[in-house]
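Here's the structure, in structure tokens; my notes come after.
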Amino acid sequence: MKFENITVSEALGWTLAHSVNTSDTRLLKNSQITTEVIQQLQAAHIHSVLAYKLEDGDIDENAAAKIVAQHIAGAHVRIGKPTRGRCNLYAKKSGLMLPDKSIDALNAMGPAIGTATLPKYAPVTNGKLVATVKIIPYGLAKTQLNAVTAINARLSITPFNAFNAAILTSGAVMSVKAESTTKNRINGVSGTVVSIKTCAHTVPSVSDKIIALTKTGIDLLILSGISAISDVRDVLPAALKAAGGQILHLGMPVDPGNLLMLGKHGSTIIIGMPGCAKSPSLNGFDWVLERYAAGLPLDANTLQGMGVGGLLKEVIERPEPRAPSKPHAIKGTPAIILAAGKSTRSGNNHKLLAVLDGKPVITQSVIALKDAGIKGLHVVTGARADEIREALKPQHVNIVHNALYETGMASSLAAGITALPPGTEQCFICLGDMPFVNKTTYSALIAAANRVSEAQIFVPLFKGKRGNPVLWRNSQFEKLVHIKGDKGGRDLIKEQENLVCAVPVDDPGILIDLDTPEALAQFGIRVTK
């Protein structure tokens with residue numbers, strides 16, 4: 001392929017390597033240089049251009065990209081339409097991504113071809129982009145392309161296979177949230193939960209249930225005990241052995257997910273679920289479940305080989321090894337207080353104007369924030385705006401009126417985020433009817449945000465239950481602004497569990513809001529109209 005800064009008068013039949021602006025138009029990259037194009041360039045007093053011309057034996061970038069994509073596309077992978085020297089490859093089934101190591105050898109042939117794929121064992125769904133081939137120059141010599149396609153490089157999808165699973169919990173009934181999370185995990189890899197049983201957390205009880213459940217012909221049995229599996233002599237491993245089963249491996253170098261047990265009883269695979277798997281956040285249980293569903297080998301060697309890349313997420317209870325040695329100091333964490341609602345659930349009374357210890361509830365909520373040292377308070381008003389503004393006059397807060405408050409909470413979120421000063425790195429989003437939040441909760445959330453650099457959303461946790469306020473990084477502001485309807489940030493939290501840091505606090509106030517007349521009465525709050 002020829003590639004030159006060629007004089008315009010000699011460029012007939014060549015192709016523009018870059019876009020060129022003339023006095024009245026823009027000639028796009030990859031435009032064929034015709035007589036008309038030459039006249040346009042000369043009229044604009046452009047005397048030379050960067051251009052290329054394919055020679056005999058050269059293959060156009062799009063055709064070359066398609067050839068390479070077709071060469072590496074293995075089972076259950078389809079190729080897209082090549083454009084601008086790029087050809088994408090997509091999954092045809094849900095399963096695990098299996099790129100061949102020879103992809104590296106293909107890339108090592110030279111800089112002309114770049115093939116990028118998802119990581120090995122990445123879970124994919126039908127239609128997901130799994131790889132892309134990019135031809136760097138505008139064309140390749142056929143001999144060069146032949147050398148590349150001589151390499152036996154493939155990428156394929158190992159599909160998830162349908163299976164039936166049962167869940168056995170010992171010592172306590174699995175919570176609704178944990179049960180839903182586990183079912184969703186199993187459904188997500190083509191499994192179906194056909195039975196959920198509970199028994200005492202003792203070796204005889206669990207052993208009897210294992211025998212009974214495996215006799216039903218299930219493919220997979222998930223064990224979830226009241227306590228973590230810490231030793232092969234612990235209740236769940238001991239029960240599996242007592243039932244005549246086999247422990248294949250206990251423990252794995254994946255965090256969270258260390259305390260996982262892999263076993264077998266007859267033809268049924270047994271997984272002792274680690275406690276962290278009750279959360280939807282990615283953990284080692286996901287990796288094991290995906291390998292099982294894809295029919296890939298599962299044994300001690302498999303689990304022991306998961307350590308590299310197995311540090312999945314930080315938790316607040318321990319130092320963060322991946323944190324920078326000199327953490328970035330965040331300058332202040334302002335708060336948005338949502339106070340625009342019509343208080344329809346509290347009957348004929350407006351909860352924010354109800355009196356608590358001589359002051360309106362909204363005032364007490366603001367005072368709690370001030371006592372916690374939070375500066376930069378932005379109160380979003382809507383219904384009863386004048387009365388709320390009057391109640392907050394002594395507090396000297398920034399009042400942000402949301403004229404669209406009747407459309408729902410989302411508009412108040414947008415109004416509050418928009419009111420933040422430029423450069424705000426993070427903020428609290430608080431509810432106006434939560435005056436009982438302890439000041440230590442705010443400091444705990446800020447401390448977590450200073451320490452856990454990778455998380456973007458920080459949620460307080462009291463006795464396993466999440467509450468408010470929530471601290472949000474500015475990476476989430478754009479998403480918060482674009483929520484629609486009568487919704488807050490809950491859906492964003494569910495969708496981005498990998499970015500959430502749950503911060504344990506000793507504060508029941510994070511769960512106490514004053515939505516109903518009963519709640520108001522419970523705390524001795526005097527209501528007003």
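The values are calculated or read from the model by the stated rules, or taken from the named source; none is laboratory data. This is a predicted model, so every value here is computed, not measured. Virtual Cβ from ideal backbone geometry, glycine too; neighbours counted across all protein chains shown.
Points worth noting:
- Filtered by the rule that a residue be surrounded by fewer than 22 Cβ atoms within 10 Å (Cβ to Cβ), β-branched (Val, Ile, Thr) and not in a strand (DSSP E or B), region 138-172 gives THR143, THR149, ILE151.
- Only one of ILE67, ILE46, ILE38 that is in a loop (DSSP other than H, G, I, E, B) and out of contact with any strand residue (DSSP E or B) (no Cβ under 6 Å at 6 or more places or on another chain): ILE46
- Among the residues of region 221-253, those identified as hydrophobic (A, V, I, L, M, F, W, C), buried (at least 21 other Cβ atoms within 10 Å of the Cβ) and more than 9 Å from GLY272 (Cβ to Cβ) are LEU221, VAL235, ALA239, ALA243, MET252.
- Residue in region 183-215 that is nearest to GLY245 (Cα to Cα), counting only those that are assigned to a loop (DSSP other than H, G, I, E, B) and of a type outside the set (A, V, I, L, M, F, W, C): LYS215
- Of the residues making up region 77-97, those that are touching a strand residue (DSSP E or B) at 6+ places or on another chain (Cβ under 6 Å) and either part of a helix (DSSP H, G or I) or surrounded by 21 or more Cβ atoms within 10 Å (Cβ to Cβ) (or both) are VAL77, GLY85, CYS87, LEU89, ALA91, GLY95, LEU96, MET97.
- Residue check, PRO504 surrounded by fewer than 16 Cβ atoms within 10 Å (Cβ to Cβ) and within 24 Å of the chain's Cα centre (by Cα): yes
- Complete set of residues in region 406-423 that are among the β-branched types (Val, Ile, Thr) and in contact with a Phe, Trp or Tyr (Cβ under 7 Å, 6 or more places away or on another chain): ILE417
- Subset of region 248-273 (residues that are hydrophobic (A, V, I, L, M, F, W, C) and in a loop (DSSP other than H, G, I, E, B)): MET252, VAL254, LEU259, LEU260, MET273
Let's see how each residue does on (1) out of contact with any helix residue (DSSP H, G or I) (no Cβ under 7 Å at 6 or more places or on another chain); (2) hydrophobic (A, V, I, L, M, F, W, C):
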| position | (1), (2) |
| --- | --- |
| LYS177 | yes, no |
| VAL194 | yes, yes |
| THR216 | yes, no |
| LEU221 | no, yes |
| SER224 | yes, no |
| ILE229 | no, yes |
| ARG233 | yes, no |
| ASP255 | yes, no |
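- For region 4-15, filtering for residues that are in a strand (DSSP E or B) and surrounded by 15 or more Cβ atoms within 10 Å (Cβ to Cβ) leaves 3.
- Qualifying residue in region 222-243 (condition: among the acidic types (Asp, Glu), within 27 Å of GLY307 (Cβ to Cβ) and touching a residue at least 24 places away in the same chain (Cβ under 8 Å)): no
- Only a single criterion out of (1) out of contact with any strand residue (DSSP E or B) (no Cβ under 9 Å at 6 or more places or on another chain); (2) over 30 Å from LEU353 (Cα atoms) is not satisfied by ARG473, namely (1).
- Test result for GLU406, in contact with a helix residue (DSSP H, G or I) (Cβ under 7 Å, 6 or more places away or on another chain), surrounded by fewer than 22 Cβ atoms within 10 Å (Cβ to Cβ) and either not assigned by TED's automatic domain parsing to the domain that holds ASN474 or not in a loop (DSSP other than H, G, I, E, B) (or both): no
- Test: residue in region 477-498 that is of a type in the set (Gly, Ala, Ser), surrounded by fewer than 16 Cβ atoms within 10 Å (Cβ to Cβ) and within 20 Å of the chain's Cα centre (by Cα): no
- Count of residues meeting criterion [small (Gly, Ala, Ser) and out of contact with any Leu (no Cβ under 7 Å at 6 or more places or on another chain)] in region 50-79: 4
- Residue-level analysis places ALA415 among those that are surrounded by 19 or more Cβ atoms within 10 Å (Cβ to Cβ) and touching a residue at least 12 places away in the same chain (Cβ under 8 Å).
- Among helices (runs of 4 or more DSSP H) entirely within region 421-518, having at least 3 residues that are assigned by TED's automatic domain parsing to the domain that holds LYS351, under 28 Å from ALA178 (Cα atoms) and of a type outside the set (Phe, Trp, Tyr) singles out 439-451, 490-495.
- Condition check for ILE218: within 30 Å of ILE157 (Cβ to Cβ) and either more than 28 Å from the chain's Cα centre (by Cα) or assigned to a loop (DSSP other than H, G, I, E, B) (or both): yes
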